[in-house]
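Presented below is the structure to which this report refers.
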Amino acid sequence: MTKHIIFFNTKGGVCKSTLCEYTAGELQRIGKSVSVDNTDQQTHVTTILNDDAEYCLYDTAGAFTTNNIELLKACVDVDALIVVPMNTGKNDLKELNFLVDRLNEYGLKEKSKFVFTKTRSNSKALISRREVLAALGLNACDWVMPMLEDFSEQRDTKRTRTEISNFLNEMVL
């Protein structure tokens, strides 16, 4: 059975593309077959076409586009995980209620899991954001994407592979 993983947030700059690209690479490295599609007009992620993939990954635009709506609606009846990368800045909270309303509207709240990016794992802002998500009944990953130059410069180092492996083991595998 194919697992669909959608990296989604209506806000840009939260590491959707980075997580998608590294997740695809790490899944391939451990011997999994992947397909990668891109609804983000910036096309930062390398597309991989594979009709027999075990994992289909989707990088999405940082907006509520028609393509994203169709993709979310298609997730209702398949084995899907909606990964919602989120920063801890003030602007990240502005769209949260809209995003949660859409996840509820499409029946995807239970298939969604938030992951914090570009933050320190012990910051006050992170603790506060986790409390906000918990109050809304949302699931958050324990793993936090660290602020590594390796990620922003797209380096395939042991450190990045270890971090993404930790992410995969908690969220996907």
Step through the table entries 16/94; 11/90; 11/124, compare each Cα-Cα distance with 20 Å, and write down the pairs that go over it.
11/124
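Which FRET efficiency value, to the nearest 0.05, do you get for residue 66 and residue 29 by plugging their Cβ-Cβ distance into 1/(1 + (r/R0)^6) with R0 = 30 Å? Walk me through the numbers before you get to the answer.
Details: r = 34 Å, r/R0 = 1.13.
Result of the calculation: an efficiency of 0.35.
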Return the long-range amide H neighbours of residue 87 (sequence gap of 5 or more, or a different chain), with a cut-off of under 5 Å between placed amide H atoms.
117
Express as a percent, rounded to the nearest 5, the fraction of DSSP beta bridges in region 3-171 (both residues included) that run antiparallel.
5 percent
Rounded to the nearest 500, what is the chain's calculated 222 nm mean residue ellipticity when only DSSP H runs of at least 4 contribute -39500 (n - 2.57) each, over all residues?
-11500 deg cm²/dmol
Out of the trypsin sites (Lys or Arg not before Pro) in region 38-134, which ones are loop residues according to DSSP with at most 16 other C-beta atoms within 10 Å?
120
Going fewest to most other Cβ atoms within 10 Å around each Cβ, 127, 164, 48 line up as 127, 48, 164
Starting at the first residue of region 117-122, write each ³J(HN,Hα) from the Karplus equation 6.51 cos²θ - 1.76 cosθ + 1.60 with θ = phi - 60°, in whole Hz, x for Gly and Pro.
10, 6, 8, 8, 5, 10
Once you have all Cα-Cα distances for the chain, histogram them in 5 Å bins from zero and send the whole-percent values.
1, 8, 19, 23, 23, 16, 8, 2, 0
Whose amide H sits under 5 Å from the amide H of residue 112, counting only residues 5 or more places off or on another chain, with H placed in the peptide plane?
82
Pick out the long, greasy-scoring helices in the chain: whole DSSP H runs spanning 30 Å or more along their own axis by Cα, mean Kyte-Doolittle at least -1.0.
none
Quick one: compute the contact order of the chain, relative version, from alpha carbon pairs under 8 angstrom and 6+ residues apart, as a percent.
23 percent
Please get the size of the charge dipole for the chain, origin at its Cα centre, with Cβ charges of +1 on Lys and Arg and -1 on Asp and Glu, quoted in debye to the nearest 20.
700 debye
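Just so you know, all these numbers are worked out from the coordinates, no wet-lab data involved. Since this is a predicted model, take the numbers as computed values, not measurements. Quick reminder, even Gly has a Cβ in these numbers, built from the backbone with ideal geometry, and neighbours come from all protein chains shown.
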